[in-house]
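Participant: One structure coming up, written as structure tokens, with questions to follow.
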Amino acid sequence: MPMLDSLIVPLLVTTDLPPDADLAGFGRVLADAVRAPGRGEVSYAGFLYGGVFWLDSPRTPPLVGSEGRSGAGEELRFAALIGYLSVCGAHGSVKDVVGDVGRVITEAVGARYGDLGSPPAVMAIRTEDVRERTPPSAVFVRTADAVPELVTVTRPYM
């Protein structure tokens, strides 16, 4: 039976990643980060289901320049996740939840990939955007070991 205090937010996360980053690994970083978002001393349970994909095409490494070095290591790629975030507990408004999730995602991405120049963008989107904008090539991820009721309440959206 779904929890009465659950909230489902269609979500978009975008960020730059190193060009050799694994999409599934990136998705797991995001899905694991939202397991227990919150503010201050208060946290609540979270579950994320979504598809991760590249927003840009892979680049051909530039030729080695006259200085004998290549800029290939500096080229970041733009990645995204589109999906559904479900939370339960003392979560607050959609704006509060997106802010909380943005903080934990920024921390997790920074811990995994280091300073990429700017924090990930995390925003609520329309439910229609999830269906319309998730490409068929997306790699689907979900929060492991999530609260079972959150998985159940999210299942119709999956």
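The values are calculated or read from the model by the stated rules, or taken from the named source; none is laboratory data. In this text, all values refer to a predicted model and were calculated from it rather than measured experimentally. Cβ sites come from the backbone with ideal geometry, for glycine too, and all protein chains shown count toward neighbours. Heads up: the accessible areas ignore ligands, DNA and RNA and are worked out on the full protein's heavy atoms, side chains in. Shrake-Rupley method; radii C 1.70, N 1.55, O 1.52, S 1.80 Å.
Participant: Which entry in (1) 32, 17, 12; (2) 36, 15, 13; (3) 29, 16, 14 matches semi-axes √(5λ) of the Cα gyration tensor in Å derived from the coordinates of this structure?
Facilitator: Working out semi-axes √(5λ) of the Cα gyration tensor in Å from the coordinates points to (1).
Participant: If packing is taken as the mean number of other Cβ atoms within 10 Å per residue, what is the order of 78-89, 119-130, 17-28, highest first?
Facilitator: Working: 78-89: 23.2, 119-130: 14.9, 17-28: 17.0.
The densest-packed peptide leads the list: 78-89, 17-28, 119-130.
Participant: Counting heavy atoms of the protein chains only and a 1.4 Å probe, report the per residue accessible area for the chain as a whole number of Å². Could the numbers behind the result be given before it?
Facilitator: Values: 8520 Å² over 158 residues.
Normalised by residue count, the accessible surface of the chain is 54 Å².
Participant: If you roll a 1.4 Å probe over the chain with all protein chains in place, what percent of the accessible area is carbon or sulfur?
Facilitator: Details: 4670 of 8520 Å².
The value for the chain is 55 percent carbon and sulfur by accessible area.
Participant: Under the rule of at least 5 residues apart or a separate chain, name every residue whose amide H is placed under 5 Å from the amide H of LEU11.
Facilitator: GLY83, TYR84, LEU85, ILE125
Participant: Karplus couplings for the range 112-125 from phi (6.51 cos²θ - 1.76 cosθ + 1.60, θ = phi - 60°), rounded to Hz, Gly and Pro as x?
Facilitator: Each residue's phi maps through the Karplus curve to give 7, 10, x, 6, 9, x, 8, x, x, 8, 10, 8, 6, 10 Hz.
Participant: How are the C-alpha pair distances of the range 83-131 spread across 10 Å bins, as whole percents from the shortest bin up?
Facilitator: 22, 46, 29, 3
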